[in-house]
1. Can you give the net charge of the other residues whose Cβ lies under 10 Å from the Cβ of residue 226, counting K and R as +1 and D and E as -1?
2. Out of 106, 240, 130, any idea which swings most in a Gaussian network model of the chain, alpha carbons joined below 10 Å?
3. In square angstrom, what is the accessible area per residue of the stretch 214-307 with a 1.4 angstrom probe?
4. With a probe of 1.4 Å, find how much accessible area the stretch 1-121 has per residue, and write the answer as a whole number in Å².
5. What per residue convex hull volume, in Å³, comes out for the stretch 186-307 when only alpha-carbon positions are used?
6. Below 8 Å, C-alpha to C-alpha, sequence gap of six or more: please give me the relative contact order for the chain in percent.
7. On the protein heavy atoms, probe 1.4 angstrom, tell me the percent of accessible surface of the stretch 128-180 carried by carbon and sulfur.
8. Where is the GNM fluctuation largest for the chain (alpha-carbon springs, 10 angstrom cutoff): 226, 97, 110?
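The values are calculated or read from the model by the stated rules, or taken from the named source; none is laboratory data. Just so you know, these numbers come straight off a predicted model, no measurement behind them. Here Cβ is always computed from backbone atoms with ideal geometry, including for glycine, and neighbour counts include all displayed protein chains. Accessible surface areas use protein heavy atoms only, side chains included; no ligands, DNA or RNA. Shrake-Rupley method; radii C 1.70, N 1.55, O 1.52, S 1.80 Å.
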Amino acid sequence: MAEVKKDISIMRGIIPSLHTPFNEKNKIDIPSLRKLIDHTIATGCTGMLVGAVAGENSSLTFDEKNILLNECVTYNKNRIPIIVSCTAKNQKERITLSKNAKELGADWILCQTPENIFGNELVECFNEIAENGPDNLMIQDLSWTDYGMRDEDILILFKNIDKFKSLKIEVLNSGPKYTKILDITNQQLHLSGGWAIMGMIEALNRGVHAFIPSTMEVIYNKIYNLYSENKIENARKLFAQIMPVLSFTHQHIDISIKFSKMLRVKEEIFNTNFCREPIKNFDQFQIEEANLHIRKVLDLQNSLNNN
């Protein structure tokens, strides 16, 4: 097979995964969502991801996913690239969401790898999703417990699906996998790190192109820019300042989402920090710890904005 050539100059930097704000009636809070989109653009992010894990995808109905898709793409107005999650429980919904994203003019779709599908069956699954969607497909390689997708499956998808241009790696010990995938795809697959943001500096050293956190955009953009300017020690020092925050939030994805929504309220972006089940409210000790970290984040962001 001839060498595959794909454009990996796309979307370098910080691409937040947006949380889905809910109002007190447990409905999607459109005004807060619009504030979040404006904030993401104003802070210099190179793209945004909507409706993924941080957006509580598993709690959204199919109709709500379409509402979210429509609102985000329409309100963004092509100001920055937008990646729309079409992750769903069945292939019919994935294809419909992919079609809707294309019709609305979304730049990208993201889809999490369905469970227990491998090899040619996986190619057929993603080929059908890609054929119906925008020109760019990002696949989410997510596993909380192991290595995630097999290397051979990533490679066969890369060689057989032209629109597959980016892989979002979120697995145990993500670092070596970044390097392995870049190597077997001859540096031609765009890679991003999400939940593995704890290893941001190491990932930059390995050549990872983009990062998908879900808050602290001012700080992450500054770290990325410092690194890009070869001010690596300064990037490390700034990253070290948020490590206590990451230590708290990375105990569990639910803690991360709850904390992030509390931060968004303090930033006057969200009206509530409401999360859907199974995400629980914090107890007294978690609230105290979260508030301490939120104050530090706000102080650090204000300091960076004023410099």
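1. On the way: positive: 222, 231, 236, 237; negative: 229, 233.
So the surrounding residues net to +2.
2. For the chain, modelled as a Gaussian network with Cα springs under 10 Å, the answer is 240.
3. Details: 5010 Å² over 94 residues.
On a per-residue basis, the stretch 214-307 sits at 53 Å².
4. On the way: 5560 Å² over 121 residues.
Roughly 46 Å² per residue, with all protein chains present.
5. On the way: hull volume 14.7 nm³, N = 122.
Normalising the Cα hull of the stretch 186-307 by residue number yields 121 Å³.
6. On the way: 489 pairs, mean separation 57.7, N = 307.
After rounding, I find 19 percent.
7. Numbers: 980 of 2100 Å².
The C+S portion of the solvent-accessible surface of the stretch 128-180 is 47 percent.
8. Looking only at 226, 97, 110, the largest GNM fluctuation is found for 226.
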